[in-house]
Protein chains: 2
Amino acid sequence: MAKEVTKRSENYSQWYNDLALKADLAEQSAVRGCMVIKPYGYAIWEKMQHILDAAFKEKDVQNAYFPLFIPKSFFSKEAEHVAGFAKECAVVTHHRLMNDPDGKGVVVDPDARLEEELIVRPTSETIIWSTYKNWITSWRDLPVLCNQWANVVRWEMRTRLFLRTAEFLWQEGHTAHATAEEAQQMAETMVQVYADFARNVMALPVIVGHKSPNERFAGALDTLTIEAMMQDGKALQAGTSHFLGQNFAKSFDVQFTNKEGKQEYVWATSWGVSTRLMGALIMAHGDDNGLVLPPRLAPIQVVMVPIYRSEEEHNAVIDKMEQLKKEIEALGHSVKIDDRDTLRPGFKFAEWELKGVPVRLAMGARDLASGTVEVARRDTLTKETMSIEGIAAHIDTLLEDIQQNIYNKALAFRDANVEKCDSWEEFQEKIKTGKFLLCHWDGTAETEQAIKEATKATIRCIPVDSYVCEEEGRDIYSGKPSSRRVVFAISY
Amino acid sequence: MAKEVTKRSENYSQWYNDLALKADLAEQSAVRGCMVIKPYGYAIWEKMQHILDAAFKEKDVQNAYFPLFIPKSFFSKEAEHVAGFAKECAVVTHHRLMNDPDGKGVVVDPDARLEEELIVRPTSETIIWSTYKNWITSWRDLPVLCNQWANVVRWEMRTRLFLRTAEFLWQEGHTAHATAEEAQQMAETMVQVYADFARNVMALPVIVGHKSPNERFAGALDTLTIEAMMQDGKALQAGTSHFLGQNFAKSFDVQFTNKEGKQEYVWATSWGVSTRLMGALIMAHGDDNGLVLPPRLAPIQVVMVPIYRSEEEHNAVIDKMEQLKKEIEALGHSVKIDDRDTLRPGFKFAEWELKGVPVRLAMGARDLASGTVEVARRDTLTKETMSIEGIAAHIDTLLEDIQQNIYNKALAFRDANVEKCDSWEEFQEKIKTGKFLLCHWDGTAETEQAIKEATKATIRCIPVDSYVCEEEGRDIYSGKPSSRRVVFAISY
């Protein structure tokens, strides 16, 4: 086998790292907490970007670009936002290096201190709303629907590839509206865009819901989230969409003249997903052989491995493969022929399994003679010898089957691990075993905090489209009355 | 007219700013030297990105992503590179803010000083070659062909939208090769990719050539460039491709085992274009009415303005326009119907001229009756009433004509302003009037420097595919012998 992968059952966390590293998705860089996204990993991220970008544009969102740096004073403008964000971040204090007077390389030039420090954006609400002030004066200027694809930095002490890194890539949408209703609607529309993407493209059966006030984005009146279950039963927040009310408009004095000629503050949303999705992809679908990529995100959907014992056999097999490749590509799928002559077929099989390629075709001289090909699917690890006749059309269907099967498997796993729970004793036991627990909650931050301290579990969301359970009951911890169940889990 | 634009003849520099601002391409941000790229400007940049990205991928280049930050010590590793780059840059010294003890917002936490300062990348050779060390051990690992689309920061004191900003967006390709020849070939291939893009997509008749040693990228053995002439006769360096030799491989100890089993240092290239191209686009083609966009980069290729005096006329015209829009879109062109009811047609005409939309269609009740439409082209500012029959096919051809015409116009302008010059007296006069002068040069940095000090002119390139002039002569300044002419100009 190509590269040894730790088994999930032995060490889940090490298994995750093995997949990220050995499948060539990413690696640590020379800068603490910052990762390098390698070409194979970046190709997956690019597919995510293209599909999401098209979905945003269908909602009339336009891309733009705002500065990397934010003046420190901006962080003092929105009080709650400061508390949530302004702490662990990269601070630029100087703008020049100089030769070390001792001749040892370069040092920071003490004379080049900035008048006001600049913060490398951890998120861009403040700099964007300071810009929107110039763009918006009348109801005719609304809505403003902008998105940017950008890098952001949040200084994290403990980092993990994709899941938590000091620098990460993301998109952040920032919209401005004339009414609260329209902004709320936008926040809901965008969380559904994320949910559709997660389900149909990433094969992630996410739960959509509202965050509890405690878990809201700093400065938001409402935060919507998509929550995914990983194979260890932990939750991963995969995307969020915020209704920001008029908080940022008030902080940056963004007002518009409404149709009645009166001045009003503008209503805001923001929403984002990041390279964290790559972590979700690895952990939701991978197995002990490596990545399992949903076909819609796989940079290579079909890999072909030739099997031969002579130059003549090699040429004949490759000829046939080239022909098949064209047929499959004509149906819109990406195909790679692995013709490396220094590696044995078994090694190649293991490598492409590690990299999660959905379909593998192997063909040798005997196949040529009998008009067959071996078709292996990554999701089930099964293989089948099939007639080469009509194989392109078969693969077209097979890729769709695999996409669906990966989703169904994740859905079945999730459904098997979501439970109603009405006993605090039981809660404490079960939450440790990787369950999402549907429990009654009294709606107070105090209870939420007490449960978190006792078990590390948090309210992942108050669900809106699956596991919705509006019924009378009593809080799992406090015993106070409650009118709906919420989702508790331990999260990444 | 919508927004007044300064005339080129009155104030060229103000004209440029007017176009960038009033055509909604970009604006200054709250952060000194950093711009906001507005949706209309970003849509053009996205088109550039998509076309270039596809061209890179055709050359087997893969995208990846490397950290924003570079440890300060890395800048001491490649001596020439330091001298060229390490000076004016954004330096991160701290990783935390804290509440101001005086209660006035936030201040930098003095306890959160980084052990080693981090530099916001001005270019990524150093961090990338520190990564390549992990990727390359054998000739089998070569070539490595990576590109990244990223933001970079170079602290500039005097900034201008797109042309010189503290933060800008770019792509930087970084390739690693087993031999010098292969790396040199790659640098040449990529400068030709840029030249093709400039000529065929941006309608910029660029001159391709080598930089003189003085003007090379810091750390390069050879720099290839594409140089464009702006309408004031100044040169704009629009893209560069560098053969870096083994300098970075040696600095970061990147060696590979060759086929003979011996250790060798790897050979490098790097190449990039940036949002500076947006500045070139504005200045090469714009006129006193605004932007003139080559159809291949125009976010909106055809705009339709309805003319009506009643609700009934409005509906009839819009119906017809919707139908036309579908036909034109089916041919692969982007169309916008400007149905804003608060603005007069004349205002709309001026606005779309300002924004450089290649083709404008106007239609009123009389046109409907006679089966005609008014077709206006932005490049020539001419208009013509045409039969609506077959108009979609006509526009298809027209857009191609406009693309070609914009190129031809720029080419004719350039050819009229490139001259051979053999007299130093004449040189000093002519260079001020916005000419590219083809002159003999003795090949020394001293002469180049003296000419620059006397006239501000620099050697833009030693041309390789146009204006190549290998002949014996005498240096324009020193009178020493020379065997070829080079291009001198004053540059942006």
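Every number in this text was worked out from the coordinates using simple rules, so none of it is lab data. These numbers were taken from a predicted model, which means no experiment stands behind them. When we count neighbours, we look across all protein chains shown, and the Cβ atoms used for this are built from the backbone with ideal geometry, even at glycine.
Listed values, structure above:
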{"read-out": "Ordering of B:379-386, B:472-479 by burial proxy (mean other Cβ atoms within 10 Å per residue, highest first)", "value": "B:472-479, B:379-386"}
{"read-out": "Average other protein chain Cβ within 10 Å of Cβ, residues B:148-155", "value": "3"}
{"read-out": "Karplus-derived HN-Hα couplings along region B:402-407 (A = 6.51, B = -1.76, C = 1.60, θ = phi - 60°), whole Hz, x at Gly and Pro", "value": "5, 3, 5, 5, 5, 5"}
{"read-out": "Long-range HN-HN contacts of B:LYS480 with modeled amide H, under 5 Å", "value": "B:ASP475"}
{"read-out": "Sorted peptide list for A:26-35, B:218-227, criterion being average Cβ within 10 angstrom, highest first", "value": "B:218-227, A:26-35"}
{"read-out": "Rough spin-label spacing in nm, given labels placed 7 Å along Cα→Cβ, for A:SER310 and B:GLU182", "value": "3.2 nm"}
{"read-out": "Pseudo-label separations to other copies for A:ASN11 - Cα-to-Cβ vector, 7 Å, nm", "value": "6.7"}
{"read-out": "Backbone N under 17 Å from the A:ASP288 label point (7 Å along Cα→Cβ), restricted to region A:371-396", "value": "A:379-382"}
{"read-out": "Charge dipole (debye, nearest 20) of region B:119-269; +1 at Cβ of Lys and Arg, -1 at Cβ of Asp and Glu", "value": "340 debye"}
{"read-out": "Shielding by partners - mean other protein chain Cβ count within 10 Å, residues of B:55-67", "value": "5"}
{"read-out": "Furthest towards positive pole of dipole, B:HIS314, B:PHE427, B:GLN403, structure part chain B, Cβ charges", "value": "B:PHE427"}
{"read-out": "Most to least packed among B:167-174, A:12-19 [average Cβ atoms within 10 Å]", "value": "B:167-174, A:12-19"}
{"read-out": "Helical contribution to [θ] at 222 nm, DSSP H n ≥ 4, -39,500 (n - 2.57), averaged over chain A, rounded to 500", "value": "-10500 deg cm²/dmol"}
{"read-out": "Relative contact order (%) - criterion: Cα under 8 Å, at least six apart; region: region A:418-489", "value": "39 percent"}
{"read-out": "HN-Hα J in Hz across region B:245-257 - Karplus 6.51, -1.76, 1.60, θ = phi - 60°, x for Gly and Pro", "value": "x, 10, 4, 6, 4, 5, 4, 10, 6, 9, 10, 9, 8"}
{"read-out": "Charge dipole (chain B, unit charges on Cβ, about Cα centre) - positive-most of B:LEU281, B:THR380, B:ALA268", "value": "B:LEU281"}
{"read-out": "Counting DSSP beta bridges with both ends in the protein assembly as shown, the antiparallel % (nearest 5)", "value": "85 percent"}
{"read-out": "Rounded if a/c under 1.5, otherwise prolate or oblate - region A:12-285, Cα gyration tensor axes", "value": "oblate"}
{"read-out": "A:GLU400/B:GLU327 FRET efficiency (R0 30 Å; Cβ-Cβ; nearest 0.05)", "value": "0.35"}
{"read-out": "Calculated label separations, B:ASP341, copies of the chain, 7 Å along the beta-carbon direction, nm", "value": "7.3"}
{"read-out": "Chain lengthening between B:ARG158 and B:SER466 when straightened (0.36 nm per residue, less Cα-Cα)", "value": "107.6 nm"}
{"read-out": "Dipole moment magnitude, nearest 20 debye, the protein assembly as shown about Cα centre, only Lys, Arg, Asp, Glu C-beta charged", "value": "960 debye"}
{"read-out": "Contour minus Cα-Cα distance for B:ARG113 and B:GLN14 (0.36 nm per residue)", "value": "31.3 nm"}
{"read-out": "FRET E, pair B:ASP232, A:ASP341, Förster distance 51 Å, beta-carbon r, rounded to 0.05", "value": "0.35"}
{"read-out": "Relative contact order of chain B, pairs being alpha-carbon contacts under 8 Å that are 6 or more residues apart, as %", "value": "14 percent"}
{"read-out": "Prolate/oblate/rounded label for region B:279-418 (Cα gyration tensor, a/c 1.5)", "value": "prolate"}
{"read-out": "Using θ = phi - 60° and Karplus 6.51 cos²θ - 1.76 cosθ + 1.60, couplings along region B:462-468 (whole Hz; Gly, Pro as x)", "value": "9, x, 10, 9, 8, 6, 5"}
{"read-out": "Residue (of A:ILE136, A:GLY479, A:LEU297) at the positive-pole extreme of chain A, dipole from beta-carbon charges", "value": "A:GLY479"}
{"read-out": "For chain A, the spread of Cα positions along each principal axis, largest first, Å", "value": "80, 70, 53"}
{"read-out": "Copies compared at B:ASN405 - label distances in nm, ascending, label defined 7 Å from Cα in the Cβ direction", "value": "5.8"}
{"read-out": "For B:ILE300, distant residues with modelled amide H under 5 Å away", "value": "none"}
{"read-out": "Fully extended contour minus Cα-Cα distance, from B:GLU58 to B:LYS7, at 0.36 nm per residue", "value": "14.2 nm"}
{"read-out": "Average beta carbon contacts from partner chains per residue of B:38-44, 10 Å cutoff", "value": "4"}
{"read-out": "Lys, Arg +1 and Asp, Glu -1 on Cβ, resulting dipole of region B:418-489 about Cα centre, debye, nearest 20", "value": "260 debye"}
{"read-out": "For A:GLY245, residues with placed amide H under 5 Å, excluding near neighbours", "value": "A:LEU221, A:ALA268"}
{"read-out": "Within region B:120-154, backbone nitrogen closer than 14 Å to the virtual label 7 Å beyond the Cα of B:THR257 toward Cβ", "value": "B:136-142"}
